[in-house]
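**Q** Before I ask anything, let me first share the structure, which is written out below as structure tokens.
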């Protein structure tokens, strides 16, 4: 018995020491990473960066004549805004005059002004990072009046369907778990666990980040695990990809999501319908540029299997694209007005070279690729006529 107790104490002590050592090591590593980021990004001001986005959300364009630094693990650049609230660069094509609108992919999140695809094809860059379709529509209305373009390229990133929802999409995600604890002994053990201290642990935080978990806890006799919805946003966008439409463990959220999805799609159709009316009146050609994400491409090429991560999920990787495509066609556009980058990128020997390793956006090579595809689609010469 003494030998057993001694062995148990030794094992428990070893486990505790290992956990303490791991916690200290992770805290040191995170601190080291933070110091490196601060040294690299000394000019970066998160307040100015966030304020720039807030201005664009309120106004549907950036603050004119502003300059903002954006720095991260894979980039460090300034973005310059011209007198019209567009991202500035030196090449503007006057024949035809092209306006590019959209979100961060159109804006060129992570690359310099002159490296974003609108600059490479001579377009005016009215892309705004982090802005969903309703803000993009306001940008369209303002900027076709201001610029009077011949062509509008509208970058379509399907996950922004979710960001137009005003419900609990940011709180409940696919993969959420809600387990009722029937055992009084198990409930006492769980009540004893210091959940607040667990969330403050650097080691746990690292594990949570890897698993896209935002929170675990106990509510009465229910143990819950919440996913990080920012990181799983696109999985939600695969219509939450659960064939039964049972999106989360919360039935109220399931019903709210279905209702909000229909509402958002109706709004989007009205935006696209009005854009077509304006375009037809003014002789403007609109090209919808469907932008695939790394997750979409990875699921399609078989390198990512989300079915194991989200139990009971029927993954339909083309679902978001088809939803938006149907919405655009219902608004009166033709399928030929849509340029889907998914298929050509999947046909590339290595589509990953066009994306940052960590960040989800296109790198400079990716923007060159998109510019080449657009030049072919629009029959644009490489040289610019001013």
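The values are calculated or read from the model by the stated rules, or taken from the named source; none is laboratory data. Predicted model only: the values in this text are computed from it and were never measured. So basically every Cβ, Gly included, is an ideal-geometry build from the backbone, and we count neighbours across all protein chains shown.
**Q** Does residue 351 count as surrounded by 17 or more Cβ atoms within 10 Å (Cβ to Cβ), under 20 Å from residue 108 (Cβ atoms) and touching a strand residue (DSSP E or B) at 6+ places or on another chain (Cβ under 7 Å)?
**A** no
**Q** Further, regarding this structure: Does the range 345-352 contain any residue that is under 25 Å from residue 98 (Cβ atoms), touching a residue at least 60 places away in the same chain (Cβ under 8 Å) and either touching a helix residue (DSSP H, G or I) at 6+ places or on another chain (Cβ under 6 Å) or part of a helix (DSSP H, G or I) (or both)?
**A** no
So that you can scan it fast, the table gives a plain yes or no per residue for (1) in a helix (DSSP H, G or I); (2) closer than 26 Å to residue 51 by Cβ; (3) modelled with pLDDT of 85 or more:
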{"position": "141", "(1), (2), (3)": "yes, yes, yes"}
{"position": "149", "(1), (2), (3)": "no, no, yes"}
{"position": "153", "(1), (2), (3)": "no, no, yes"}
{"position": "162", "(1), (2), (3)": "yes, yes, no"}
{"position": "166", "(1), (2), (3)": "no, yes, no"}
{"position": "174", "(1), (2), (3)": "no, no, no"}
{"position": "206", "(1), (2), (3)": "yes, no, no"}
{"position": "214", "(1), (2), (3)": "no, yes, no"}
{"position": "217", "(1), (2), (3)": "no, no, yes"}
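**Q** While we're looking at this one, here's another question. Please determine, by comparing only the residues of the range 219-236 that are touching a helix residue (DSSP H, G or I) at 6+ places or on another chain (Cβ under 8 Å) and at pLDDT 80 or above, which one is farthest from residue 158 (Cα to Cα).
**A** 221
**Q** From the list 19, 90, 30, which one is closer than 28 Å to residue 153 by Cβ and touching a residue at least 24 places away in the same chain (Cβ under 8 Å)?
**A** 90
**Q** Let me ask something additional. Filter the range 354-368 for residues that are surrounded by fewer than 19 Cβ atoms within 10 Å (Cβ to Cβ) and free of Cβ contacts under 8 Å to residues at least 40 places away in the same chain and give the result.
**A** Scanning the range 354-368 gives a single hit, 365.
**Q** Anything in the range 48-74 that is in a loop (DSSP other than H, G, I, E, B), at pLDDT 95 or above and under 24 Å from residue 160 (Cα atoms)? List them, or say none.
**A** 60, 61, 62, 63
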